[in-house]
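Visitor: I have a structure here, written as structure tokens, and I will follow up with some questions on it.
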Amino acid sequence: MGAWRVWYLPLPPGGACSLPRKRGEGRIATDRKRLSAFLSGFRGTARADLGRSLAASAATGLLVIAQAFLVARIIDAVLFRHEALSSHGLELAALVGAILLRFGAVWASEHFGFAAAAKVMRALRSRLLDRVEAIGPVGLAEARTGELVAALAEGVRAVEPYYSRYIPASVLAVMLPVAVLVAVFPFDWVSGLILLATAPFIPVFMILIGRGTEALNQKQWRRLARMSGHLLDAVQGLATLKAFNAAGRMVTEVATVADDYRRDTMAVLRVAFLSSAVLEFFATVSIALIAIFIGFRLLWGEMAFFPGLFVLLLAPEFYAPLRAMGTAYHARMEAIGAAERLVALEEMPALAESGGATPLPGPEAISIRFEDVRLAFPDGRVALDGVSFTIGAGETVALVGPSGAGKSSILSLALGFVRPTSGRVLVNGVPLAELDLADVRRRIAYVPQRPRLFAGTLAANIAPGEAAPDPARLVRAVADAGLADVVAALPGGLASDVGEGGAGLSGGQAHRLAVARAFYRAAPLVVLDEPTAHLDRESEADVQTALSRLLAGRTGLVAAHRLASVAGADRILVLAAGRIVTEGTPAHLLRHGVLDGDLVPDLAPTIGEAEAAG
Amino acid sequence: MKDALRLLRLMAPHAGWMGLAVLVSALATLAHIALMATSGWFIAAMALAGAAGASVNYFTPSAAIRAYAVVRTVGRYGERIVGHEATLKFVAALRPWFFARLIPLAPAALEDQRSGDLLARLKGDIDRLEFAFLRILSPGLAAVLVLAAGLTVLALHDGGMAVGIGLAALLAGLGLPLLVHRLGARASREVTAGTAQLNALLVDHLEGRAELDIYDPDRRHRAALDETSDTLIAREHRLAGILGFAGAGVGLFAQSSLVLVLLIGAPRVLAGTLPGADLPMLALLALSLFEAVAPLPLAFQTLPATLASARRIFDLIDRPPPVKEPAAPKPVPEAGTLAFAHAGLTYPGASGPALTDIDLALAPGRRIGVVGSSGSGKSSLVALALRFRAPAPGEVTFAGSSIADFNSDDLRRRMAVLAQHDHLFAATIRENLLVADPDASPEKLEAALECAGVLTFVAAQPEGLDTFLGANGAKVSGGQARRLGLARALLKEAPLLILDEPTEGLDGETERDVLEGVLGAARDQALLFITHRRAGLEAMDEIIVMDGGRIVARGAPGDMLAIVGPGTMGPGTIGSETISGGIPEDTARSAGSGQGLEQAPP
């Protein structure tokens, strides 16, 4: 397996553009140790299959020795005892048997090696997906989806060769040479000494040269990633480059970057390949030495032909596992490159509320209470600072305030997307931290500011959590959200596919689909984040009416950016800089002029309204 | 096949290095084979001579053994160095070649592909093409050379042996890969499809986190994700098993060849028609010949994916450019009126036009404000003005000539633009600014930053102008990114200035300051100012209101702004159905990467 592989230029560890970070050498070393530990952490999961893979490889090694023995026996018999093959039928049959067994053993070792890696990949991916859920929507908002997807898909995949190739190869690199030595010594201690004498040089040189190049190599990885990133960045910015008449210049720059990369890389590779050249050198020279020593001893009659040929046949097998490990070392480097991103994902703070086991008590209606809630992020930003309020069952409360005042934070806390830093969020009188979150969330209908459409049918998007949505309720929800015409126009109706990011639907339609979701669920708590922002004028009125119907008799929590959503509320909380500055009924606040001008700039007119007025 | 030939043609200029790499590689493998075979012959000949008490010339073979050992060691090293040199030279030529071919297509002909998608695939595809030589072509050609030489030597000793071993090599080098391809075709398709499905589900798992938390309490999506992941891993396992089978198969054929040598050779030795020492030589030759065959299954396995990558790359660059460049372009006048005459624009595949009957004249020095809610067609105007797209029907003229008569790059020299999706490069602030004017002095850069209201920010950075911005300007906020883009647009000396939502992501006060600076800096330029906000409009000569791709109202700012005067938001209109449009809370983020989650943090 590994021995056959060519030395590759390391591929970038994925991720369009990972940037070189400035670090001390020591930092790189501890980092690598940590990443190595992370990778080895899954050994337990893979133990059984790794064991089988190693056993198969060990069997291969023993079969190689047996094969050399049999071949030497047969040739010896033909050359020096002039015996026909027919008198050595048993040995010939044993040779064929060994060859077939070796074929099976090599295959089995590959199979079990991958089986071990597969178990690790499953466990790893599952653990990281759990982490994603624990990080929660608020924590994820800071991250780049593309990079996380790359980590979860290719990053996890890159761990495979570490388990399927590197670990077996590193064990065999010790085991098989020892077995060869054990076989060689009884027959020819001179050759055994030659092997033994060259053997320590190999790991020593590999370590010496490897150490130097690994640091360089790490840099090289980043450089390669940077070169790839450079091209992609240029492609992404093509429109901008054209607008600035700079596209032609960029062609030259792309060429220069690639050529610089070539020069730098070759400088590194010239050194890096030396380590394998040293290994090749020792392997080759010692085979040549063994052949020549054996030859002269045979000429002088100091040695029989059979052990001579046996040892010569085995000599390359002494070095093969070491070579295999040299190539598998790349698998390790690749895996460590990937592990860096996996660890980064795993170390993202788990911001989401994890809940408890208490089922949500009380009647169908839901009340919410914030008690002196403070929300600060790991980077020090304070989103909410001592917020207390109560929303009674069946009451609709609107939140208004400028961007960054804390409206979204209150919604996120109520939904359990983020844990309060201090203070408590209570639902029906029980802290959210103690409640069975799934139970609470089953009773929430939620329309986010920028709804996400899932790859799947329209029906699956309106009832994402249900295996078999109720068709009648779907139709009603679609109608309530003002989507009936749109659905009717689609060839597949509710069974039409809406792609990733809502291909085929406009932004406004996607938003109405999210409203349809809320209608379908018809839960006792309705949480709306700017419910009508992306709708055109006509449908805004329709949806607003429908939403009022949805809110009627239910508990409502609405982050409002527009006057229309505020008007229907029972109460308005006005927020600024993470605090509630005032509250009251819409009529009261309007009378006192709180809602116009500075306090609530989001509600200030925009030019889009000019046409409406004109 | 066509794609393969085209790929080979791309490699042709590097044939010298590539040929050398193949030769050195073949030489190294041949030296290894020769070392093994000669050693086998040498010890047998020495033993036979020793047993017979005869003398033997041991100088030549032992010198040959040493020579082969040196050639093999140096050759292996040379093979890697020359092979990588050839590959990297190819890379250094392929990248600019590819990039230059994308230029005429961007942005219009690339817009149908989601940018994340296009880029992710592009990266993989380019990588695969770049490694096509090192992984496929080089081992393939080297194997042919080595086999030709090795089989010739075998044939000189025994024709039957050569035929038998040639057959085994053919089966191992060609038969096994074909078998792998056949057996693995389905699994391989399933892996491709499964990977795409996994990616889509992962994106949903991340970007749809909020919705899934609320609407999917039973974690059905997670179950589907786990199942897809498990199935994918199982398919990958199957593929790995098939490849492992092929790898083990090469060994099987190699050792069978050895048995074949024994079966044919032994009787001939006993019959005296083959010198005894040749038997171990031929046995070791046959065995080590398969070193050259061994990399082939893996090489062939990557071939279909490489060809698919080549096809995608070629399909992309073969797209027709969205606008035709004139064969004999007119020289572009230094200044003139940019005019739209009954211009319309319909995007391919769209149900209706994005622009209809646009009439607009931007005379030198004049300032026009274009307002309207998002989706009203404002940004399509910019695409037409820059000739990223061609109007149909109608035309766009500059200084009286249709802009279709100009070389579009020359035309764009007359315009400085801040586009809606302005791109900040993963480079320093300085490098980003120099895109607009490579010769700009530091003082000029600072002046532009000052006008855009971002100099204080830049000066406060420890590395100042040399601050690295990260991918898509990830290291600065949306508002700062916007202002850096604005500074860049101001740097370009052009008679026309086009600003598309220049103050997106800025709060009211900053917005006013920035606009003041910009309008001051652009005193001599004709200005097309696209916005959905009010700030800055009072300084325009004319305001155009767009809706649904049409101009629905136009007039002097005094008349137009009166319509949306400060009284509009009075208590009397609360709940009024005439209010539309709004400022999304997170415009700052959407102006940024577009990759992040949509759920804006507070």
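The values are calculated or read from the model by the stated rules, or taken from the named source; none is laboratory data. Since the structure is predicted, the reported quantities are computational estimates derived from the model, not experimental observations. Every residue, glycine among them, receives a Cβ derived from its backbone with ideal geometry; neighbour counts consider all protein chains shown.
Visitor: Can you tell me which of (1) surrounded by 23 or more Cβ atoms within 10 Å (Cβ to Cβ); (2) touching a Pro at 6+ places or on another chain (Cβ under 8 Å); (3) within 11 Å of another protein chain (Cβ to nearest Cβ); (4) more than 30 Å from A:Thr585 (Cα to Cα) is the one A:Ala335 doesn't meet?
Guide: (3)
Visitor: Please determine, by comparing only the residues of region B:418-433 that are surrounded by fewer than 20 Cβ atoms within 10 Å (Cβ to Cβ) and in contact with a strand residue (DSSP E or B) (Cβ under 6 Å, 6 or more places away or on another chain), which one is modelled with the lowest pLDDT.
Guide: The selected residue is B:Gln420.
Visitor: A follow-up question, please. Which of the residues that make up region A:256-271 are at the interface with chain B (Cβ under 9 Å from one of its Cβ atoms) and aliphatic (A, V, I, L, M)?
Guide: A:Val257, A:Ala258, A:Met266, A:Leu269
Visitor: Taking region B:455-471 only, how many residues are touching a helix residue (DSSP H, G or I) at 6+ places or on another chain (Cβ under 7 Å), at pLDDT 80 or above and within 12 Å of chain A (Cβ to nearest Cβ)?
Guide: Looking only at that region, the number is 1.
Visitor: What about A:Val149, is it crowded, with 23+ Cβ neighbours inside 10 Å, assigned to a helix (DSSP H, G or I) and touching a residue at least 40 places away in the same chain (Cβ under 8 Å)? Show your work before the answer.
Guide: On the way: crowded, with 23+ Cβ neighbours inside 10 Å: yes; assigned to a helix (DSSP H, G or I): yes; touching a residue at least 40 places away in the same chain (Cβ under 8 Å): no.
So A:Val149 fails the test.
Visitor: Is region A:324-347 home to any residue that is without any contact (Cβ under 8 Å) to a residue 24 or more places away in the chain and farther than 22 Å from A:Leu196 by Cα?
Guide: yes
Visitor: Looking only at region A:399-416, count every residue that is of a type outside the set (Val, Ile, Thr), more than 16 Å from A:Val440 (Cβ to Cβ) and not in a helix (DSSP H, G or I) and tell me the total.
Guide: 7
Visitor: Residues being of a type in the set (Val, Ile, Thr), closer than 18 Å to A:Asp542 by Cβ and at pLDDT below 90: count how many of those fall in region A:448-480.
Guide: 0
Visitor: Right, another one. Here are some residues: B:Gly78, B:Gly83, B:Gly50, B:Gly19. Which one is part of a helix (DSSP H, G or I), under 30 Å from B:Arg101 (Cα atoms) and free of Cβ contacts under 8 Å to residues at least 60 places away in the same chain? Spell out how you get there, then give the answer.
Guide: On the way: B:Gly78 fails: under 30 Å from B:Arg101 (Cα atoms); B:Gly83 fails: free of Cβ contacts under 8 Å to residues at least 60 places away in the same chain; B:Gly50 fails: under 30 Å from B:Arg101 (Cα atoms).
B:Gly19 is the lone residue from the list that is part of a helix (DSSP H, G or I), under 30 Å from B:Arg101 (Cα atoms) and free of Cβ contacts under 8 Å to residues at least 60 places away in the same chain.
Visitor: Just wondering, is there one or more residues in region A:529-536 that are part of a strand (DSSP E or B), at pLDDT 90 or above and over 17 Å from A:Ala463 (Cβ atoms)? Give the derivation first.
Guide: Residues of region A:529-536 that are part of a strand (DSSP E or B), as a first pass: A:529.
Now narrow it down to the ones that are at pLDDT 90 or above: none.
Taking every residue of region A:529-536 in turn, none turns out to be part of a strand (DSSP E or B), at pLDDT 90 or above and over 17 Å from A:Ala463 (Cβ atoms).
Visitor: Looking only at residues that are in contact (Cβ under 8 Å) with a residue 24 or more places away in the chain and over 30 Å from the mean Cα position of the chain (by Cα) in region B:434-446, which one is nearest to the other protein chains (Cβ to nearest Cβ)? Give the steps one after another, and end with the answer.
Guide: Just the residues of region B:434-446 that are in contact (Cβ under 8 Å) with a residue 24 or more places away in the chain, to begin with: B:435-437, B:440, B:444-445.
Retained after the next criterion (residues that are over 30 Å from the mean Cα position of the chain (by Cα)): B:440, B:444-445.
Values: B:Ala440: 12, B:Lys444: 15, B:Leu445: 14 Å.
Checked region B:434-446; the qualifying residue nearest to the other protein chains (Cβ to nearest Cβ) is B:Ala440.
Visitor: Considering region B:132-167 alone, what residues qualify as being crowded, with 17+ Cβ neighbours inside 10 Å, free of Cβ contacts under 8 Å to residues at least 60 places away in the same chain and closer than 25 Å to B:Asp3 by Cβ?
Guide: B:Leu134
Visitor: How about region B:179-208: which of its residues are over 22 Å from the mean Cα position of the chain (by Cα) and closer than 20 Å to A:Gly139 by Cα?
Guide: Scanning region B:179-208 gives B:Leu201, B:Asp204, B:His205, B:Leu206, B:Glu207, B:Gly208.
Visitor: Can you tell me which of (1) touching a Ser or Thr at 6+ places or on another chain (Cβ under 6 Å); (2) at pLDDT 80 or above; (3) closer than 30 Å to B:Lys123 by Cβ is the one A:Pro12 doesn't meet?
Guide: (2)
Visitor: Looking only at region A:419-435, filter to residues that are in contact with a Gly (Cβ under 6 Å, 6 or more places away or on another chain) and not in a helix (DSSP H, G or I); which one of those is farthest from the other protein chains (Cβ to nearest Cβ)?
Guide: If we take residues in region A:419-435 being in contact with a Gly (Cβ under 6 Å, 6 or more places away or on another chain) and not in a helix (DSSP H, G or I), then A:Asn428 is farthest from the other protein chains (Cβ to nearest Cβ).
Visitor: In region A:73-101, what residues are assigned to a helix (DSSP H, G or I) and charged (D, E, K, R)? Even if it seems obvious, please write down each step before you answer.
Guide: Looking only at region A:73-101, we keep the residues that are assigned to a helix (DSSP H, G or I), and these are A:73-80, A:85-101.
Residues satisfying the conditions are A:Arg73, A:Asp76, A:Glu91.
Visitor: Okay, moving on. Of the residues B:Val259, B:Val293, only one is within 25 Å of B:Ala132 (Cβ to Cβ) and not basic (Lys, Arg); which?
Guide: Numbers: B:Val259 fails: within 25 Å of B:Ala132 (Cβ to Cβ).
The unique qualifying residue is B:Val293.
Visitor: Would you be able to say whether some residue in region A:398-413 is polar (S, T, N, Q) and more than 9 Å from chain B (Cβ to nearest Cβ)? Lay out the reasoning, then the answer.
Guide: Quick first cut of region A:398-413, residues polar (S, T, N, Q) only: A:403, A:408-409, A:412.
Among the residues that remain, those that are also more than 9 Å from chain B (Cβ to nearest Cβ) are: none.
No, region A:398-413 has no match at all.
Visitor: So B:Gly369 fits all but one of (1) in a strand (DSSP E or B); (2) away from chain A (no Cβ under 14 Å); what number is the exception?
Guide: B:Gly369 satisfies all of (1) in a strand (DSSP E or B); (2) away from chain A (no Cβ under 14 Å) except (2).
Visitor: Please count how many residues of region B:472-529 are modelled with pLDDT of 80 or more, of a type outside the set (Lys, Arg) and outside any strand (DSSP E or B).
Guide: Step one: list which residues in region B:472-529 are modelled with pLDDT of 80 or more, which gives B:480-503, B:511-521, B:524-529.
When the remaining residues are screened for being of a type outside the set (Lys, Arg), the result is B:480-481, B:484-487, B:489-491, B:493-503, B:511, B:513-521, B:524-529.
Restricting the remaining residues to those that are outside any strand (DSSP E or B) gives B:480-481, B:484-487, B:489-491, B:493-495, B:501-503, B:511, B:513-521, B:524-525.
Matching residues across region B:472-529 total 27.
Visitor: Do any helices (runs of 4 or more DSSP H) entirely within region B:162-271 hold 2 or more residues that are under 17 Å from B:Leu298 (Cα atoms) and facing chain A (nearest Cβ under 8 Å), and if so, which? Outline the logic, then answer.
Guide: Details: elements: B:176-207, B:209-215, B:220-271.
Counting at least 2 such residues, we get B:220-271.
Visitor: Take the conditions more than 12 Å from every other protein chain (Cβ to nearest Cβ), out of contact with any Cys (no Cβ under 8 Å at 6 or more places or on another chain) and in contact (Cβ under 8 Å) with a residue 40 or more places away in the chain and apply them to B:Leu5. Does it pass? Reasoning before the result, please.
Guide: On the way: more than 12 Å from every other protein chain (Cβ to nearest Cβ): yes; out of contact with any Cys (no Cβ under 8 Å at 6 or more places or on another chain): yes; in contact (Cβ under 8 Å) with a residue 40 or more places away in the chain: no.
No; evaluated as a whole, the condition is false for this residue.
Visitor: Right, another one. Which ones in region A:121-146 are small (Gly, Ala, Ser), crowded, with 21+ Cβ neighbours inside 10 Å and either in contact with a strand residue (DSSP E or B) (Cβ under 8 Å, 6 or more places away or on another chain) or farther than 20 Å from A:Arg452 by Cα (or both)?
Guide: The one that is small (Gly, Ala, Ser), crowded, with 21+ Cβ neighbours inside 10 Å and either in contact with a strand residue (DSSP E or B) (Cβ under 8 Å, 6 or more places away or on another chain) or farther than 20 Å from A:Arg452 by Cα (or both): A:Ala141.
Visitor: When only residues in region A:286-304 that are buried (at least 24 other Cβ atoms within 10 Å of the Cβ) and within 12 Å of B:Ala51 (Cβ to Cβ) count, which is farthest from the other protein chains (Cβ to nearest Cβ)?
Guide: Here the answer is A:Met303.
Visitor: Quick check: anything in region B:423-433 within 14 Å of another protein chain (Cβ to nearest Cβ) and farther than 23 Å from B:Gly478 by Cα? Full working, then the answer.
Guide: If we filter region B:423-433 for residues that are within 14 Å of another protein chain (Cβ to nearest Cβ), which is where we start, we get B:423-428, B:431-433.
Now drop any that are not farther than 23 Å from B:Gly478 by Cα, which leaves none.
Within region B:423-433 (the criterion being within 14 Å of another protein chain (Cβ to nearest Cβ) and farther than 23 Å from B:Gly478 by Cα), the answer is no, since none of the residues qualifies.
Visitor: To continue, here is another question. Could you check B:Gly453 against (1) at positive phi; (2) within 29 Å of the chain's Cα centre (by Cα) and say which number it fails?
Guide: With (1) at positive phi; (2) within 29 Å of the chain's Cα centre (by Cα) applied to B:Gly453, the lone miss is (2).
Visitor: Restricting attention to region B:445-471, report how many residues are surrounded by 15 or more Cβ atoms within 10 Å (Cβ to Cβ) and part of a helix (DSSP H, G or I).
Guide: 12
Visitor: Checking A:Met250 against (1) touching a residue at least 40 places away in the same chain (Cβ under 8 Å); (2) assigned to a helix (DSSP H, G or I), which test does it fail?
Guide: Looking at each condition in turn, A:Met250 falls short on (1).
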